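Student: Dumping the structure here so I can ask a few things about it.
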Amino acid sequence: SGCSEVNNEDEFYEKADEYWKSIPATLNGMLGGYGRISQIDIHSSYNFLKRFLEGPKARLKTKRALDCGAGIGRVAKNLLLPIFKTVDLAELNSKFLEQARTYLGEGSKRVGNYFCCGLQDLQLEEKTYDVIWVQWVTGHLTDAHFVKFLNMCKAALRKGGLVIIKDNVAILDVELDAVDSSVTRNPEELRHIYSAANMKIVFEQKQTHFPPELYNVYMTALE
Ligand SMILES: C[S@@+](CC[C@H](N)C(=O)[O-])C[C@H]1O[C@@H](n2cnc3c(N)ncnc32)[C@H](O)[C@@H]1O
């Protein structure tokens, strides 16, 4: 199942690296030409997070967050830096991370680490993050690397912390995109991966108000 579509792991990662090297370090580049959905995306993400910051379900501290597959830091700038004192970025493509330093403006002063690294190779310190935000990048990991990554994230959370995955979800079969070299998983496959990583879904919500031609997008909070 899942990444059985991925016959050659090295090629799967190399092709994705090449693809992202060909993409401009802009908002539109990050969102496949859909830069205009950024505001509604961030707004929904903020509302999703808010329930864990205040009110009866509050559980998050606001010391430090990590933006995974950060690109130029769209999520870090608009969602995480306004909430968390320090934000780290993890991103494969050095050109995007370089642009992040400019794009984040004043906020860049509160960036702790720029990890230039594939999530499959990332190493995190234990008990460090209140939130690990992982948006539109999990499809670039094989099933085995996804499980390993989540395991590491779990250990890297501080007390009360959450891993939040925001990503495309396929309705039926797992789909391979040969252009950017990624997979889009279905709910069943995702459940399987979360349980293999020993992670529990705390809350899940479907993104609304995105253009209808896009995949379904879900936000999933895991502990
Ligand atoms: C669709 S963009 C999303 C960027 C950002 N998360 C956002 O929502 O604006 C995907 C990002 O993942 C990065 N990426 C691709 N494969 C990766 C990997 N194996 N590890 C880390 N980042 C990766 C790409 O370079 C790109 O910046």
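Student: First check a/c for region 124-221, with a ≥ b ≥ c the square roots of the eigenvalues of its C-alpha gyration tensor; if it is under 1.5, answer rounded, and if not, answer prolate when a/b is larger than b/c or oblate otherwise.
Tutor: Here region 124-221 falls in the prolate category.
Student: Which of the residue pairs 109/200; 15/57; 15/166; 15/85; 109/159 have a Cα-Cα distance greater than 30 Å in the structure shown?
Tutor: The answer is 109/200; 15/57; 15/85.
Student: Continuing with the same structure: Rounding to the nearest 20 debye, state how big the charge dipole of region 2-222 is about its Cα centre with +1 on each Lys and Arg Cβ and -1 on each Asp and Glu Cβ.
Tutor: Its charge dipole is roughly 1620 debye.
Student: Now for a different question. At residue 121 and residue 61, where each label point lies 7 Å from the Cα along Cα→Cβ, what is the point-to-point distance in nanometres?
Tutor: A separation of 3.2 nm, rounded to one decimal place.
Student: For a quick check: with amide H placed at 1.01 Å from N, whose amide H comes under 5 Å from residue 128's, ignoring anything fewer than 5 positions away on the same chain?
Tutor: The list, which skips near neighbours in sequence, is 157, 158.
Student: What does a probe at residue 180 reach in region 124-165, counting residues whose amide N is under 18 Å from the point 7 Å along Cα→Cβ?
Tutor: 133-143, 146, 165
Student: Using amide H atoms built 1.01 Å from N in the peptide plane, name the residues 5+ places from residue 115, or on other chains, whose amide H lies under 5 Å from its own.
Tutor: Here the answer is 89, 90, 91, since their amide H atoms fall under 5 Å of that of residue 115.
Student: Got a sec to turn the phi values of region 103-119 into Karplus ³J(HN,Hα) couplings, 6.51 cos²θ - 1.76 cosθ + 1.60 with θ = phi - 60°, whole Hz, x for Gly and Pro?
Tutor: My calculation for region 103-119 gives 4, 6, x, 3, x, 4, 5, 9, 7, x, 10, 9, 8, 8, 6, x, 4 Hz in order.
Student: May I ask for the net charge around residue 202, where only other residues with Cβ less than 13 Å from the Cβ of residue 202 are counted and Lys, Arg are +1 while Asp, Glu are -1?
Tutor: Cβ neighbours under 13 Å give a net charge of +3.
Student: Collect residues whose amide H, placed 1.01 Å from N in the peptide plane, falls under 5 Å from the amide H of residue 66; neighbours closer than 5 in sequence don't count.
Tutor: Excluding prolines and chain starts, which carry no amide H, the hits are 88, 131, 132, 133.
Student: Sticking with this one: Which residue, 25, 93, 76, has the largest displacement toward the positive end of the dipole of region 2-222 when charges sit on each Cβ (Lys, Arg +1; Asp, Glu -1)?
Tutor: 76
Student: Sticking with this structure for a sec: Where a ≥ b ≥ c are the square roots of the eigenvalues of the C-alpha gyration tensor, would you call region 121-166 rounded, which needs a/c under 1.5, or, failing that, prolate if a/b is larger than b/c, or oblate?
Tutor: Oblate, since a/c reaches 1.5 and b/c is not below a/b.
Student: In terms of the Cα gyration tensor, with a ≥ b ≥ c the square roots of its eigenvalues, is region 12-129 rounded because a/c is under 1.5, prolate because a/b exceeds b/c, or oblate?
Tutor: prolate
Student: Counting other C-beta atoms within 10 Å, and keeping those with at most 13, which DSSP coil trypsin sites (Lys or Arg not before Pro) do you find in region 126-223?
Tutor: Sparse-neighbourhood loop trypsin sites (Lys or Arg not before Pro): 127, 200.
Student: Ok, one more. What is the extension gain from residue 51 to residue 10, computed as 0.36 nm multiplied by their sequence separation minus the C-alpha to C-alpha distance, in nm to one decimal?
Tutor: Value of the extension gain: 10.8 nm.
Student: Turning to a different aspect of this structure: Grab the alpha carbons of region 2-222, take their convex hull, and tell me the volume per residue in Å³.
Tutor: Spelled out: Cα convex hull of region 2-222, divided by residues, is 113 Å³.
Values in this text are rule-based calculations from the coordinates and carry no lab data. In this text the structure is predicted, and so the values were computed from the model without any measurement. Cβ sites come from the backbone with ideal geometry, for glycine too, and all protein chains shown count toward neighbours.
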